[in-house]
């Protein structure tokens, strides 16, 4: 009888986890998370507002930046309820439907951000390698079409996951490893055959994150070949300087994800706290740092932000 009750309970909800062993200081840790969320939401909202209201910034580079800011803003909002719920109120319970909805938004937005970074790499490639055709290639209509295609790609690829997870029975421990729901975390609690989910998850990682990062790498190889072959040293530095912000965004996004994948795949005895830390970095640092990096590196954007706040 106790087994039946446990199965029904574990199939009705999951228990999220903050930072194991640090429950006594969760309230102080919540101050840090609140600060991260405030900076992320305000920073990305300001960038969206500046680009929307300033016609001089309606250029491909800034339109792609607005896509990145919108994705980061949505990603921050998707993790905020459960994260602050745990660290502020110790509210760990989450229903299956709410968990599946959250992991759908987290994964689809992460894939969309990967696609936006690829589009921004394409923008820098055209601007440096084929500047005379830059305006004719990256028209507003074409930018909108590319953005829509990549958003639909992220949504359609993640759409089956909640339905695949919903058909499972969850009769093992119902405690998840993070303060938010992830697909790879949820399937570990299932007592059904999860091979399809593992294969599909691996397929998604390779076809989205793997291919996007490969194309970004190839675009910068072509950019380096062009600037070293055609431009003078001064022009080369100026051209590469326009790529610094994007390179920072790429490193912030892909480095913790690749590190986490390598640790989970090849270091079975890795400390759980290290996996937890990389997971937090991969979701919370890019939305926090991207608006800061672009505001510092882009003179036009920085000047307009200063004008808004110091009229």
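Within region 236-270, the set of residues being farther than 19 Å from residue 182 by Cα, in a helix (DSSP H, G or I), touching a helix residue (DSSP H, G or I) at 6+ places or on another chain (Cβ under 9 Å) and at pLDDT 85 or above comprises 244, 245, 246, 247, 248, 249, 250, 252.
Quick one: which helices (runs of 4 or more DSSP H) lie wholly within region 146-219 and hold at least 3 residues that are out of contact with any strand residue (DSSP E or B) (no Cβ under 9 Å at 6 or more places or on another chain), in contact (Cβ under 8 Å) with a residue 12 or more places away in the chain and surrounded by 13 or more Cβ atoms within 10 Å (Cβ to Cβ)? Show your work before the answer.
Numbers: elements: 160-166, 183-186, 195-204.
Where helices (runs of 4 or more DSSP H) fall fully within region 146-219 and carry at least 3 residues being out of contact with any strand residue (DSSP E or B) (no Cβ under 9 Å at 6 or more places or on another chain), in contact (Cβ under 8 Å) with a residue 12 or more places away in the chain and surrounded by 13 or more Cβ atoms within 10 Å (Cβ to Cβ), they are 160-166, 195-204.
The single condition among (1) within 30 Å of residue 278 (Cα to Cα); (2) modelled with pLDDT of 90 or more that residue 144 does not satisfy is (1).
Quick one: which residue in 308, 250, 230, 285 is within 25 Å of residue 32 (Cα to Cα) and either surrounded by fewer than 18 Cβ atoms within 10 Å (Cβ to Cβ) or free of Cβ contacts under 8 Å to residues at least 12 places away in the same chain (or both)?
Details: 308 fails: within 25 Å of residue 32 (Cα to Cα); 250 fails: either surrounded by fewer than 18 Cβ atoms within 10 Å (Cβ to Cβ) or free of Cβ contacts under 8 Å to residues at least 12 places away in the same chain (or both); 230 fails: within 25 Å of residue 32 (Cα to Cα).
The unique qualifying residue is 285.
Taking the conditions (1) touching a helix residue (DSSP H, G or I) at 6+ places or on another chain (Cβ under 6 Å); (2) over 30 Å from residue 166 (Cα atoms) in turn, residue 91 satisfies each one other than (2).
Just so you know, in region 1-30 the residues that are surrounded by 14 or more Cβ atoms within 10 Å (Cβ to Cβ) and in a loop (DSSP other than H, G, I, E, B) include one that is modelled with the highest pLDDT, and it is 16. Applying the criterion of being surrounded by fewer than 23 Cβ atoms within 10 Å (Cβ to Cβ) and within 25 Å of residue 42 (Cα to Cα) to the residues of region 83-102, the residue that is nearest to the chain's Cα centre (by Cα) is 102.
The values are calculated or read from the model by the stated rules, or taken from the named source; none is laboratory data. These numbers were taken from a predicted model, which means no experiment stands behind them. Every residue, glycine as well, gets a Cβ built from its backbone with ideal geometry; the counts of neighbours run over all protein chains shown.
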